[in-house]
Amino acid sequence: MTDTQTPPPVTVTLAAGPTGTGSIDDFELFYARRALGRFRTLLGRQGLLDLLAADIEQGNAVLRESARTSDGAFKAGTTVLETKGLASGEFLAWMDQAFAGDERALLAAHPEHYVMGTDEIGARVVENIGPHVADFYMGGWGTDALAWAEDADELRPEAEFPRKMSSNLFLADGTVVGRALIQFGDTADGFTADLTVYFPRTCPDEVLEHHLRHYAVEFRNWIVAAAAARA
């Protein structure tokens with residue numbers, strides 16, 4: 001081999017040992033989730049907030065500045081998920097119950113979920129927005145909050161996506177740092193979910209890209225949890 005040649009990639013294959021199904025990646029994911037769940041339980045909500053206080057202050061400052069420099073203008077992206085074997089109504093019924101008080105189920109859907117609950121201001125979420133940890137609120141979640149989205153290119157025709165909900169995402173001081181629009185339409189064997197997020201126009205593109213990935217992870221896991229609860 002000369003100095004200019006690239007060595008072949010190293011691969012590792014599980015040949016024998018565990019009797020359960022799954023790949024090494026599956027095993028690692030299981031153990032990572034179990035470890036994360038243990039730390040969440042031991043720290044508790046306030047412990048997590050104390051641990052992340054400096055990160056939250058920095059992340060909220062970044063979002064606040066993006067909102068200021070965007071002067072009310074937003075950019076949007078949409079993640080589309082296709083589900084088979086579960087109707088949208090079944091999923092949304094599970095979601096309603098989870099958001100009514102099952103914080104553990106909400107947190108379990110994504111490694112970067114830290115707090116999901118309510119306080120004196122409203123529905124509180126502490127999670128990553130791109131690389132930043134943010135502490136924000138969701139206001140007016142539901143069909144009555146769609147007025148701002150009526151002219152959005154991302155709004156699906158009523159006949160195709162009859163279930164639509166939206167919300168402003170705002171900081172404790174009232175600064176609107178994003179918007180969410182989620183739409184669900186039943187198909188012959190399941191449903192399609194269109195999950196749109198809006199961020200201030202001057203936010204880096206990576207913030208939008210990572211939240212589209214965030215949507216994919218959390219909603220996939222919520223859908224799987226809803227199906228498991230039904231079973």
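The values are calculated or read from the model by the stated rules, or taken from the named source; none is laboratory data. Everything numeric in this text was worked out from a predicted model, so none of it was measured. Reconstructed Cβ throughout: ideal geometry from the backbone, glycine too, with neighbour counts over all protein chains shown. Ligands, DNA and RNA are stripped out before the accessible areas are found, and what is left, the full protein with its side chains, is counted by its heavy atoms. Shrake-Rupley method; radii C 1.70, N 1.55, O 1.52, S 1.80 Å.
Here are a few things to note about the model shown:
- Hits in the stretch 216-227 (condition: farther than 19 Å from Asp186 by Cα and not acidic (Asp, Glu)): Val217
- The number of residues in the stretch 163-206 being over 17 Å from the mean Cα position of the chain (by Cα) and of a type in the set (Phe, Trp, Tyr) comes to 1.
- Residues that are at positive phi and open to solvent by less than 70 Å² (accessible area, probe 1.4 Å) occur in the stretch 133-144; there is at least one.
- Evaluated against (1) open to solvent by 30 Å² or more (accessible area, probe 1.4 Å); (2) aliphatic (A, V, I, L, M); (3) more than 27 Å from Thr192 (Cα to Cα); (4) touching a residue at least 40 places away in the same chain (Cβ under 8 Å), Ala61 falls short on exactly one condition, (4).
- Sole residue being more than 30 Å from Phe30 (Cβ to Cβ) and touching a residue at least 12 places away in the same chain (Cβ under 8 Å), chosen from Leu86, Leu92, Leu146: Leu146
- Any hit, the stretch 12-28, residues being within 33 Å of the chain's Cα centre (by Cα), more than 21 Å from Arg124 (Cα to Cα), in contact (Cβ under 8 Å) with a residue 40 or more places away in the chain and surrounded by 10 or more Cβ atoms within 10 Å (Cβ to Cβ): no
- Tallying residues that are in contact with a strand residue (DSSP E or B) (Cβ under 6 Å, 6 or more places away or on another chain), among the charged types (D, E, K, R) and in a helix (DSSP H, G or I) within the stretch 102-117 yields 1.
Quick grid of which residues meet (1) β-branched (Val, Ile, Thr); (2) under 25 Å from Asn168 (Cβ atoms); (3) surrounded by 19 or more Cβ atoms within 10 Å (Cβ to Cβ):
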| position | (1), (2), (3) |
| --- | --- |
| Val197 | yes, yes, yes |
| Val207 | yes, yes, yes |
| Arg213 | no, yes, no |
| Ala225 | no, no, yes |
| Ala228 | no, no, no |
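- Within the stretch 211-231, the presence of at least one residue that is among the polar types (S, T, N, Q) and part of a helix (DSSP H, G or I) is confirmed.
- When residues of the stretch 66-101 are limited to those that are in contact with a strand residue (DSSP E or B) (Cβ under 8 Å, 6 or more places away or on another chain) and open to solvent by 70 Å² or more (accessible area, probe 1.4 Å), the one nearest to Arg201 (Cα to Cα): Val80
- Restricting attention to the stretch 144-181 and to residues that are in a helix (DSSP H, G or I) and not aromatic (Phe, Trp, Tyr), the residue that is nearest to Arg201 (Cα to Cα) turns out to be Ala149.
- If only residues of the stretch 150-169 that are among the aliphatic types (A, V, I, L, M) and at pLDDT 90 or above are counted, the one that is nearest to Val80 (Cα to Cα) is Met165.
- Counting residues in the stretch 109-121 that are at pLDDT 95 or above and open to solvent by 50 Å² or more (accessible area, probe 1.4 Å) gives one or more.
- Long-range neighbours under 6 Å by Cβ, at least six apart or interchain, first residue open to solvent by less than 70 Å² (accessible area, probe 1.4 Å) within the stretch 158-170, second among the polar types (S, T, N, Q) and part of a strand (DSSP E or B): Phe161/Gln183; Lys164/Gln183
- Cβ-Cβ distances below 7 Å connect the following pairs, each with a first residue in the stretch 117-137 that is closer than 16 Å to Ser167 by Cα, a second residue that is open to solvent by less than 40 Å² (accessible area, probe 1.4 Å) and among the hydroxyl-bearing types (Ser, Thr, Tyr), and a separation of six or more residues or different chains: Ile121/Tyr137; Gly122/Tyr137; Ala123/Tyr137; Arg124/Tyr137.
- If the condition is being closer than 14 Å to Gly178 by Cβ, assigned to a strand (DSSP E or B) and among the charged types (D, E, K, R), then the stretch 44-99 contributes only Lys75.
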